[in-house]
1. Quick one: which residues, 5+ away or cross-chain, put their amide H under 5 Å from the amide H of L194? H built at 1.01 Å from N.
2. Quick one: 3J(HN,Hα) in Hz for segment 28-39, Karplus 6.51/-1.76/1.60 with θ = phi - 60°, rounded, Gly and Pro as x.
3. Can you tell me how segment 125-170 classifies by the Cα gyration tensor, rounded, prolate or oblate, using a/c under 1.5 as the rounded cut?
4. How far apart, in nm, are the 7 Å Cα→Cβ label points at K191 and E136?
5. Can you tell me which of 122-134, 143-155 comes out highest on packing, and rank the rest after it, using the mean Cβ neighbours within 10 Å?
6. Take the residue pairs K146/K175; K40/K175; K146/K197 and return only those whose Cα atoms are more than 20 Å apart.
Amino acid sequence: MRIRSMVTFVLAVLISLAAAAYRWGDSSHAIGLLSAKGGKARHPSFLVSGWDRYTQITTATVLPPYRGDVRVLLEGNPPLDYDLRLSGPVVDLGLRRLPDFRDDILYGVQPGDRLAMWVLMRAFPTDPVCGMSVGEGDLATTYQGKTRRFCGEGCLASFRKEPERYHGKDTPRGKYNLAFYDTRTETSVLKVPLIFKGKEDSHASGGHH
Ligand SMILES: [Zn+2]
């Protein structure tokens with residue numbers, strides 16, 4: 001779903017920042033330096049697996065003498081459905097020149113630019129047993145508050161027998177990168193690690209079965 005109006009976008013920005021401040025786990029922020037030497041992320045961005053949607057914001061400053069066009073993409077497995085948005089830093093929204101951002105390419109990046117790149121991610125709905133893509137209308141059941149869909153009766157039966165074995169298997173886990181590449185040289189000018197951790201990695205399990 002495209003967010004078309006600026007008002008909606010600014011609202012989304014504020015809500016996401018509030019969410020990040022309260023550490024909801026489905027949103028995260030990172031700060032980076034974009035440079036011809038490969039750039040540098042100050043720290044990885046941590047996200048908690050198991051949500052349907054995630055938001056990550058990278059604020060990057062462009063170091064001189066870098067100048068060029070930059071392709072932005074999210075690298076990692078399983079692939080996530082994602083959308084990228086560009087804004088200036090929230091504090092001076094609209095007051096600075098920004099590169100033109102079209103088709104995931106930042107055109108005309110120049111020294112001193114400060115970019116806030118928003119990554120709006122969505123887990124592809126997949127059958128947790130066999131990994132097939134599924135959609136509305138497929139067989140479904142609800143487990144721990146989350147609707148799970150299945151390609152057929154066999155997978156649904158397997159899930160019902162051992163839900164804990166399959167639950168969460170299709171969610172992003174481990175390291176992804178928000179990657180920025182110079183379009184002329186194809187070299188990396190910044191990589192921001194996005195680390196997805198399972199809920200059980202962040203708290204000790206209560207041992208419920
Ligand atoms: Zn299946």
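Every number in this text was worked out from the coordinates using simple rules, so none of it is lab data. As the structure is a prediction and not an experimental result, all values here were calculated from the model. A quick note on method: Cβ atoms are made from the backbone with ideal geometry, for glycine too, and the neighbour counts reach across all protein chains shown.
1. S45, Y176, N177, L178
2. Residue by residue, segment 28-39 yields 7, 10, 9, 10, x, 10, 9, 8, 5, 8, x, x Hz.
3. Details: a/c = 1.35, a/b = 1.23, b/c = 1.10.
Because its axes are fairly even, with a/c under 1.5, segment 125-170 counts as rounded.
4. Here the modelled spin labels are 3.9 nm apart.
5. On the way: 122-134: 17.3, 143-155: 15.0.
Order by mean packing, descending: 122-134, 143-155.
6. Details: K146/K175 24 Å; K40/K175 16 Å; K146/K197 18 Å.
Pairs exceeding the cut-off: K146/K175.
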